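Encoded as structure tokens, the structure appears first; notes follow it.
The values are calculated or read from the model by the stated rules, or taken from the named source; none is laboratory data. Nothing here was measured: the structure is a model prediction, and the numbers come from that model. Cβ sites come from the backbone with ideal geometry, for glycine too, and all protein chains shown count toward neighbours.
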Amino acid sequence: MKQQTNSSLDAVSGPVIGELINLSGRQRMLSQRIVLHALLAALGDAAALAVLKSCLASFAQAHAELVHGNERLPGVFSEALREVYFGKGRADERIRQFVAQAERAALSIAAGGDDRQPQVDALVAQATPLLELLQEITLAYQHEMRGVEAAATKRQVDIAERLGNISMQANIVALNARISAARAGKFGREFAVITTVLADIIKEMDELIQSVVDTSGASGTSARRAVPSQGWHARADRALQ
């Protein structure tokens, strides 16, 4: 499995990041279950040892998918996440250390070794710092989600602005064409029909632009600029009277 490259960052969608948030959030629960069942297994609960091994396998697999990705997930796909996993936080290293310690504890418990309690104690000592680290990772994914949502909103507003400009220019052309057709008298009737159809098309475009603005939820100045000036058709009709 290969780590996501910068060239494919734009392919990371909101739903994918949502899945990453859920996966990273589940890691917090699994880490606590690993510690709890290690304690129970050390006290002689055979069923707890089986649960410990199952949770540990799921935890290790999920971490590999978060870091390296799979057929659906991109792995570590941003500089912010790389800093969390491989920078000062050393999340990848610390999580792998926790997994290794849990594996040692499980092996010692299964073998009935004299060092099983020290191994479990060492695992317990990592529990709280690891939980805080996993929370930091989840927050990092949530921050990425906010960035994706902000970028999507900006794209919608930009599209609305561009459509608005096109619509306004088309309105001006249609208005001038209808005035010219009116001045041409009977010779301009056929052309007037064409300009009427064009005006209807522009009206549909205006409605589409409004729906884009409404969907984006943008209420700022840029969104207001994206809505074309209303009343072009009415003014055109008055000009032709």
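Within region 79-89, the presence of at least one residue that is outside any helix (DSSP H, G or I), of a type outside the set (D, E, K, R) and surrounded by 14 or more Cβ atoms within 10 Å (Cβ to Cβ) is confirmed. Could you please let me know if Ser31 is among the hydroxyl-bearing types (Ser, Thr, Tyr), more than 20 Å from Glu136 (Cβ to Cβ) and in the same structural domain as Tyr141 (by TED's automatic domain parsing)? The answer is no for Ser31. What do you reckon, is Leu40 surrounded by 15 or more Cβ atoms within 10 Å (Cβ to Cβ) and closer than 24 Å to Leu139 by Cβ? In short, no. When residues in region 136-153 are screened for being modelled with pLDDT of 85 or more, of a type outside the set (Phe, Trp, Tyr) and within 10 Å of the chain's Cα centre (by Cα), 4 of them pass.
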